[in-house]
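The values are calculated or read from the model by the stated rules, or taken from the named source; none is laboratory data. Given the structure is predicted, the values throughout are model-derived calculations rather than measurements. Glycine also receives a Cβ, built like all others from the backbone with ideal geometry; neighbour counts cover every protein chain displayed.
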Amino acid sequence: MHKDLEEILIPTAELNAGIKKLGERISLDYAGRCVSLVGVLKGCVLFMADLVKHLSIDTRMDFMMLSSYSGAQSTGVVRTILDLKENIEGRDVLIIEDIVDSGLTMHYMLQNLRTRHPKSLEICTLLDKPSCRKAKVPIKYTGFTIPDKFVVGYGLDYNEIYRNLPYIGVLKKSAIEGKKT
Ligand code: 5GP
């Protein structure tokens, strides 16, 4: 385990099994269709790369980059930093997110993407922290529901570090304070 972690919340084997199950469900639900996956950068990268390997349907992949967080605290303000390259009008769109916390980011995404008239629009998140919700968002696919703890690893960062860890871990308070800029 990385020295800055308090505990491993979701070990690699559990992540893999959960993501396989998600992939199988999505493949069944979208059978015979081509799904346009919209990954939310950068946190989605490891999750999306592993999830698509379990999809037996055709996919398109595109990405958006938003910002709502600075360090371990949400600023509550969501901005688009990088927009989609493809037109999603008339397409079955599935948003791929690392974690839904306050829900403000997904609320913004849904509002933003709806204006482009997709045929369908759903959310798939690896992690859900329902106790922190400020905006109600309908999540169709959830990998794991977790308690109100600041987690890193498997795509999730703290000031851009820890994304490469192959598991989800809880960051020590001392690591948060010690690295604040
Ligand atoms: P929301 O808008 O739902 O509050 O937050 C969504 C974004 O905040 C996620 O995409 C993620 O980047 C970041 N975030 C929320 N909770 C955590 C957490 O526990 N750890 C990390 N590393 N990022 C988080």
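A few comments on the model shown:
- Put simply, of LEU110, LEU94 the only residue that is of a type outside the set (Lys, Arg), within 12 Å of the chain's Cα centre (by Cα), farther than 16 Å from ILE10 by Cβ and away from the ligand (no atom under 11 Å from the Cβ) is LEU94.
- Failed item, numbered, when THR80 is tested on (1) touching a helix residue (DSSP H, G or I) at 6+ places or on another chain (Cβ under 8 Å); (2) under 27 Å from GLY169 (Cβ atoms); (3) polar (S, T, N, Q): (2)
- Residue within the range 27-36 that is out of contact with any helix residue (DSSP H, G or I) (no Cβ under 7 Å at 6 or more places or on another chain), closer than 24 Å to LEU165 by Cα and more than 10 Å from the ligand (Cβ to nearest atom) present: no
- Hits in the range 22-39 - residues which are without any contact (Cβ under 8 Å) to a residue 40 or more places away in the chain and closer than 19 Å to ASP98 by Cβ: GLY23
- Consider the range 38-56 and keep the residues that are more than 22 Å from ASN112 (Cβ to Cβ) and in contact with a Lys or Arg (Cβ under 8 Å, 6 or more places away or on another chain). The one that is surrounded by the fewest Cβ atoms within 10 Å (Cβ to Cβ) is HIS54.
- Residue within the range 172-181 that is hydrophobic (A, V, I, L, M, F, W, C), assigned to a helix (DSSP H, G or I) and either within 11 Å of the ligand (Cβ to nearest atom) or at pLDDT 95 or above (or both) present: yes
- Yes/no for SER67 being assigned to a loop (DSSP other than H, G, I, E, B), within 16 Å of the ligand (Cβ to nearest atom) and either hydroxyl-bearing (Ser, Thr, Tyr) or buried (at least 17 other Cβ atoms within 10 Å of the Cβ) (or both): no
- In the range 113-132, the residue that is nearest to the ligand (Cβ to nearest atom) out of those that are in a strand (DSSP E or B) and in contact with a Pro (Cβ under 9 Å, 6 or more places away or on another chain) is ILE123.
- Beta carbons closer than 9 Å, at least 6 apart along the sequence or on distinct chains, pair a first residue in the range 100-114 that is free of Cβ contacts under 8 Å to residues at least 40 places away in the same chain with a second that is of a type in the set (Ser, Thr, Tyr) and within 6 Å of the ligand (Cβ to nearest atom) for ASP101/SER68; ASP101/TYR69; ASP101/SER74; SER102/SER68; SER102/SER74; LEU104/SER68; LEU104/SER74.
- When LEU66 is tested against (1) at pLDDT 95 or above; (2) within 19 Å of ASP157 (Cβ to Cβ); (3) of a type in the set (A, V, I, L, M, F, W, C), exactly one condition is not met: (1).
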